[in-house]
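**Q** Just dropping this structure here.
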Amino acid sequence: MQIEESIHVAVPPTVIDQIWSEVDRWQLWDPDTKQARLNGPFAVGTQGRIVPNKGMGIPMVVTERTAGRSFTVEGYIHLFRIHFEHTVVAADGGSQVVHRVWFTGALAFLFGPGVAKQVRQGLPKTMRSLKAYAEKRHSALHDGEVNGANATTA
């Protein structure tokens, strides 16, 4: 079972990748995340913890990272893994962002359906929130550069 959502965001892929790499700020764009942290760099093998707004915090590990394009984290409890894959590519003057979620482990049949229901409800909101956050952030940065450039040339 795999759940997937995609959205077009009017920012370059580098902006999305920068937002993803700020793990301790995920709650600013992911309404289902209360807290997230890594115990080291945003790189394969780095472990951390993610705490959803509903439920208990769980350990996580970065299992894939391609700077500027993708990352995957795996949350885990005994005999159950939840995989969160994130990809971004340049598209139509901005970015096409895709988030995929799937479950593995001996207890996936037990925990998967309930978690999948929550993910299906929350993932569209998360994607819209990421879009709004990224576009606002990019606009504010761009406006600051334009205003700053105008101020120095005036």
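**Q** Could I have the simple spin-label model distance between ILE58 and ALA90, label points 7 Å from Cα toward Cβ, reported in nm to one decimal?
**A** 3.6
**Q** With each pseudo-label sitting 7 Å past Cα toward Cβ, what's the LEU79-LYS136 distance in nm, one decimal?
**A** Between LEU79 and LYS136, the label points sit 4.3 nm apart.
**Q** Same structure again: Express the relative contact order of the chain as a whole percentage, based on alpha carbon pairs under 8 Å and six or more residues apart in sequence. Present the calculation step by step, with values, prior to reporting the outcome.
**A** Values: 279 pairs, mean separation 41.6, N = 154.
Reported as a whole number, the value is 27 percent.
**Q** Let me ask something additional. Could you give each residue of region 93-102 its phi-based ³J(HN,Hα) in whole Hz, using Karplus coefficients 6.51, -1.76, 1.60 with θ = phi - 60°, and x for Gly or Pro?
**A** x, x, 9, 9, 10, 10, 10, 10, 9, 8
**Q** With a/c under 1.5 counting as rounded, go ahead and sort region 6-53 into rounded, prolate or oblate using the C-alpha gyration tensor (a ≥ b ≥ c being the square roots of the eigenvalues; past the cut-off, prolate if a/b is larger than b/c, else oblate). Before the final figure, lay out each step's value.
**A** Details: a/c = 2.58, a/b = 1.32, b/c = 1.95.
The shape class here is oblate.
**Q** To the nearest 10 degrees, how steep is helix 108-153 against the longest Cα principal axis of the chain, on a 0 to 90 scale?
**A** Helix 108-153 sits roughly 10 degrees off the main axis of the chain.
**Q** Express in nm, to one decimal, how much length is gained between GLN121 and GLN47 on full extension, taking 0.36 nm for each residue of separation and deducting their alpha carbon distance.
**A** Details: separation 74, 0.36 × 74 = 26.64 nm, distance 2.68 nm.
The span from GLN121 to GLN47 would gain 24.0 nm if fully extended.
**Q** Report, in debye and to the nearest 20, how large the dipole of the chain comes out about its Cα centre when Lys and Arg carry +1 and Asp and Glu carry -1 on their Cβ. Each step should come with its number before you reach the end.
**A** Working: 16 positive and 14 negative charges, 106 e Å.
That gives a dipole near 500 debye.
Just so you know, all these numbers are worked out from the coordinates, no wet-lab data involved. What you see is a predicted model, and the numbers here were worked out from it, not measured in a lab. Positions of Cβ are backbone-derived with ideal geometry, glycine not excepted, and every protein chain shown enters the neighbour counts.
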